[in-house]
1. Would you be able to say whether some residue in the range 263-275 is in contact with a strand residue (DSSP E or B) (Cβ under 6 Å, 6 or more places away or on another chain) and part of a loop (DSSP other than H, G, I, E, B)?
2. Can you pull out every residue in the range 336-360 that is more than 14 Å from the ligand (Cβ to nearest atom), under 30 Å from residue 192 (Cα atoms) and surrounded by fewer than 19 Cβ atoms within 10 Å (Cβ to Cβ)?
3. Give me the pairs: first residue in the range 390-410 and closer than 11 Å to residue 301 by Cβ, second residue more than 12 Å from the ligand (Cβ to nearest atom) and modelled with pLDDT under 95, beta-carbon distance under 7 Å, and six or more apart or on different chains, which are they?
4. Kindly establish whether residue 388 is in contact with a strand residue (DSSP E or B) (Cβ under 8 Å, 6 or more places away or on another chain), within 11 Å of the ligand (Cβ to nearest atom) and not in a helix (DSSP H, G or I).
5. Please find, among 485, 479, the residue that is out of contact with any helix residue (DSSP H, G or I) (no Cβ under 6 Å at 6 or more places or on another chain), at pLDDT 95 or above and farther than 18 Å from residue 461 by Cα.
6. Does any residue in the range 300-321 that is free of Cβ contacts under 8 Å to residues at least 24 places away in the same chain and on the phi > 0 side of the Ramachandran plot come within less than 7 Å, Cβ to Cβ, of a residue that is away from the ligand (no atom under 16 Å from the Cβ) and outside any helix (DSSP H, G or I) six or more places away or on a different chain, and which pairs are these?
7. Exactly one of these conditions fails for residue 54: (1) in contact with a strand residue (DSSP E or B) (Cβ under 9 Å, 6 or more places away or on another chain); (2) within 21 Å of residue 181 (Cβ to Cβ); (3) not in a loop (DSSP other than H, G, I, E, B). Give me its number.
8. Restricting the search to the range 190-213, which residues are touching a helix residue (DSSP H, G or I) at 6+ places or on another chain (Cβ under 7 Å) and part of a strand (DSSP E or B)?
Ligand code: M6R
């Protein structure tokens, strides 16, 4: 939930740390800090606010000749965002940055108080730093001190640590929070993800749970829990540094929406062969897809909405019942899982705590499981028996867009595969859909991206309101839920999504003169019904903006504004409509001057419960 970085090398540590923190800022951005060794000793700078604020503050300090240090960008869990709660935390001997949560910090703090320690922050992190300080006093040796301390800690952590008397060394240890070691030619890094050091090196080591690492300018050593040296495999990042830059776009979110045609085709090519679903690279035996009782799709937020569209597709094409469950509920609901059921976990980051916990629960029960993950080598990917990667590349904007679109695509192809196996879909039908999918990605979505005037006008009107409602039927209801989340997340406008037939059972009382109601109507089967629902709200004063197909004359005629998408096969239109609703949220937030890539209170990957 936070971003950590550490560096030891010949470069300017303060500049490299700030640069890395900018890249990690999507993980949390309510306060930031760093500790660097300078020729005048160890210096710690902290600030409430963004990494940019830390950068400004650092410029006023004398940080010359800093070649080693650690940095942190925070998403507050224990203690409000403030300078005193910002990391690094520590003592005269040690400073530490942390990503994760120490669950037993209160008990440990009690013990430390008895030994004379005081605390200047409300964080669990300061407790961990002081525990290591105590263990250092007891053992007199740094790695032993870290190992002894982590034996006591419960929870999740990735720590970057520096000791005052070792001016060129960063220590690291982790459990259940990601930590990579970047191997550069002029220095080495630790970081929560590769984006922090990608400009300097694509080579990295993935630190395992319980392993400790000692990072120096020219050398990196990794040790296991017993202190034995461990040979680690050096991996190569698949992304270039351009993948984590805005490439001329005003925001990452806009860039990422514009990437959709390309990544959809790339992902489609990876899971189809000769215009047929083909998951053999991941699941060689088709038995995996046979005799399924119920499919449970488990995910959070946008990924859960992709799961809802998946439910629609699987039930339509394969006639297998699907339950979509929010991971945070599933894990505690004592779920009914039968031997022949299948679980599908969907996650962009592959690090979402609730989704990971759900996966672990399912793994214990030995149910067949498939994960759909975007981030290569992430924890969910590593702990899943079968993984299908969505090839969206890094998604930096906190609001998920391109990842959603490829998740929906994978669910569609999975539904087609199951449909073929079940005998519910002919090979010809699936070939036809696969062919059309390329068209949709290359042309239909491209057309939406190239003509955004109506979307922008509708967004300007919406931006003037405090409450918005989305309505839709069938798959468009699910799309409305995602559209509503996207709008709330980045524009801060209150919105709710309803099955169009449900509004009149209560919520219609909230419609006032001018209230925007956004009708999503891509499925021809429901045009008549949707028109009736639109009339219902218009006659009560609603201003209706519809997202519909070009051929949906009755929807267009009954709406105040109609945003159209090309007339592709009904089941493919959600992919095009997704780009359209994402742009709508984007332009609404833009009209309101919001911080689109880093909306308030949020972080990109939710690695805490
Ligand atoms: O990384 P994940 O796909 O597991 O993340 C799940 C949600 O936290 C995520 O989709 C969140 O809802 C997005 N910020 C929505 O745009």
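The values are calculated or read from the model by the stated rules, or taken from the named source; none is laboratory data. Everything quoted here is computed from the prediction, not taken from an experiment. Note that each Cβ is placed from the backbone with ideal geometry, even for glycine, and that neighbours are counted across all protein chains shown.
1. Taking every residue of the range 263-275 in turn, none turns out to be in contact with a strand residue (DSSP E or B) (Cβ under 6 Å, 6 or more places away or on another chain) and part of a loop (DSSP other than H, G, I, E, B).
2. 360, the sole residue that qualifies.
3. none
4. no
5. Being out of contact with any helix residue (DSSP H, G or I) (no Cβ under 6 Å at 6 or more places or on another chain), at pLDDT 95 or above and farther than 18 Å from residue 461 by Cα holds for just one of 485, 479, which is 485.
6. none
7. Every listed condition holds for residue 54 apart from (2).
8. Listed by number, the residues that qualify are 191, 204, 212.
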